Amino acid sequence: MMNKAKQKRRGRRLVVAGLCAAAVMGSGLIMAGANSPSRTSAKGSKDDGLTADLAIARVQSFDITTTASGELQAKNQIEIRSQLESQSTITEVVNEGSLVKKGDLLIRLKSDNIQTQIDEEMLRVESARAELVAAENSYEIQLSENESKTSAAQLKLDLARLTLEQWTKGDVEKQRQQLDLAIEKGERDLARLREKFERSEELFQQGFLSKNERDIDEIAQIEAEANLKKTMLEREIYWSYTHPKDQRSRQSDVDQAEAELDRVKRQNEIQLTSRDADRLNKRRQKTVREQRLAKLEQQFAACEIVAPSDGLVVFATSIERNRWGGGGEGPLQIGREVFPNMLLIVLPDTSSMVASVRVHESLAGRIRPGQRANVTIDALGGRALPATVESIGVMAETGGFRDPNLREYTVRALLDPSDLIGELKPAMRCEATITMGRVENALTIPLQAIFTDGAVRMVYVPRGNKYVKVPVAVGRRSDIFAEITGGISEGTRVLLREPAPGEVLNIPWDDAQLTAAGYKREENGEIVPIAPAFPAGIAMNGMMPEGAAAMGAGGGARSGGAGGMPALRREAPASGGGRPRTQNTSDDSNSSDSDSASSESSTSTPRTGTSGRSPGGTGGGGGRGGNGRGG
């Protein structure tokens, strides 16, 4: 019985040991063969001597990606705001989450006060219209009066001119002729009577006439002389006094008539201008009243807010709660006060959705519209939907009070049409993996196998039961893999973890290995990257040589050495999702230079090798595929 019990316990130990060995072997296969075109079998892994801590350098292809988190948004959405110019209260509101059609009632606001104002304004409009009609009639009457007054003044002037012309051409000529005729008659009468008196005198001397007859003829002569003098005096009086007086009097009548006409025209113009100004004033008052009434009617119509298009009802209060994490003033409900231009409802068009994620500023320059991405949505059970980068934000956003030095850009990726789009809603959390490039057929090792010793990037290669440091030249990288451009060859086994101090052989650097990896030893023994043939940090054909990248790493290591930087540091991922954690150690702050320099080697835009910074300045940011040390 005792032997049987011992045999059973021994069998259990063998089974447990076998399971553990299988788990270790499986882990080694996963770490060594991820994304590899040809995976190594369990037998091959055992033959290569691999464990869960080791991986093999292989020639394979991999994508250069970065992962960023954010939330879903509708590509097109309509913001509905209160159009009222005064404060109001909600009397009816649609349920949040409802699918509405164009023209459906969304919100009804209290409109009693506006209706009262409309009734009062309608009375004012009617009064203004009546006043305008009176002003128009007064203007027309004034026009008629002006015409009558002008015609009367013009007629008076015409008559005065005709009277002047009649007097000048008729009366004056007639009077001249009469005076001339009277003088001529007086002269002839005087001559005749003088001759008659002379004959009478002769006859009286001869005794043929009596003295009385002679005296009669003498008196007649004297009267003729007096009449002639009187006529000549009348002519002189007429031309000297009567004619100028009559001329001035009649000319004065003409002048007064002309002045009266001008005065009438001026008065007519003044009165007509006054009537016209009153008419325009009444017209403006009517227009203002009508506009005021129309505005009130528009405000009354704005109390009923209807859907401008089909969409999903999302309250603005819900968006604010999600954005600021606070309760705010409560949900949108009946009785809530509404202020002018207040955002009430958002109608997103859920038929087309975009993932709005934030990427670090060091990666924003490498993201271009048209790049492909996979968006993982938690609400769909972690299913990934394909998407295309649509736009990159123009301005960087800060990390807020939590991390004021953080700068991130918003990237919008449009989801491809799918049957699952209908299940999505705005504000769902998502994570986008953006493909920024691809490395084809390159010697590749896992990113966590790369470490730095000062300015040198290296890997740990097993030698017996120990490990030796081998310098390597690192090219382009992703969150998981790194391209090796020199230092090791295909099939080389590398350590995936940081070894314990007793596991590393203390062997000096080999100059041949350093040269193969792009380093050289200075006269003072310091190891530095080999300077490229062109100015350091300047990319050639969109690629950065490892020498320039290592130079950035070396500069960071040397500057941190005096501050007590540890000798060894694990390589951080080139890109990472989410918000990187800021680290205060001199080790990680210096590592940003070296990591960002190598990271920039995969970009197609020429840029300075040592100017790039990893997310948060901590060596690239810990994406999902990273080990978290760079995070």
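Per atom type, the stretch 109-265 shows carbon and sulfur on 51% of its accessible surface, probed at 1.4 Å. Taking each of K174/K229; K245/K265; K75/K101 in turn, the alpha-carbon distance tops 27 angstrom for K245/K265. Run down the aspartates and glutamates and flag those whose C-alpha is under 20 Å from the C-alpha of K211, throwing out any fewer than 8 positions away in its chain. Within reach: E195, E198, E201, E202, E223.
Computed with a 1.4 Å probe on the full set of protein chains, the accessible area for F315 sits at about 10 Å².
Which of the three applies to the stretch 142-263, rounded, prolate or oblate, going by the alpha-carbon gyration tensor with a ≥ b ≥ c and a/c under 1.5 meaning rounded? Prolate, since a/c reaches 1.5 and a/b exceeds b/c.
Legend: residues I319, I345, I237, sorted from most to least accessible area (1.4 Å probe; ligands, DNA and RNA excluded), read I237, I319, I345. Taking a ≥ b ≥ c as the square roots of the Cα gyration tensor eigenvalues, with a/c under 1.5 meaning rounded and otherwise prolate when a/b beats b/c, else oblate, which class fits the stretch 383-440? Oblate is the answer for the stretch 383-440, as a/c is 1.5 or above yet b/c matches or exceeds a/b. Quick check for you: with a 1.4 Å probe and neighbouring chains kept, what is the accessible area per residue of the stretch 74-198, in Å²? Solvent-accessible surface per residue comes out at 64 Å².
Between L84 and N341, the built amide H atoms are under 5 Å apart, and every one of these is 5 or more places off in sequence or on another chain.
Across the stretch 347-437, Cα pairs under 8 Å and at least six residues apart give a relative contact order of 41 percent.
Element breakdown for the stretch 326-448 at a 1.4 angstrom probe: carbon and sulfur atoms account for 51% of the accessible area.
Shown here for the stretch 375-411: trypsin sites (Lys or Arg not before Pro) in loop regions (DSSP other than H, G, I, E, B) with at most 11 other Cβ atoms within 10 Å, namely R402. Ordering 135-141, 419-425 by mean Cβ neighbour count within 10 Å, with the highest value first, yields 135-141, 419-425.
Between S252 and A294, the contour length at 0.36 nm per residue exceeds the alpha carbon distance by 9.0 nm.
The values are calculated or read from the model by the stated rules, or taken from the named source; none is laboratory data. Computed from a prediction, not measured in an experiment: that's the story for all the values here. Because the Cβ atoms are built from the backbone with ideal geometry, glycine has one as well, and the counts that use them run over all protein chains shown. Ligands, DNA and RNA are excluded from the accessible area calculation, which covers all protein heavy atoms including side chains. Shrake-Rupley method; radii C 1.70, N 1.55, O 1.52, S 1.80 Å.
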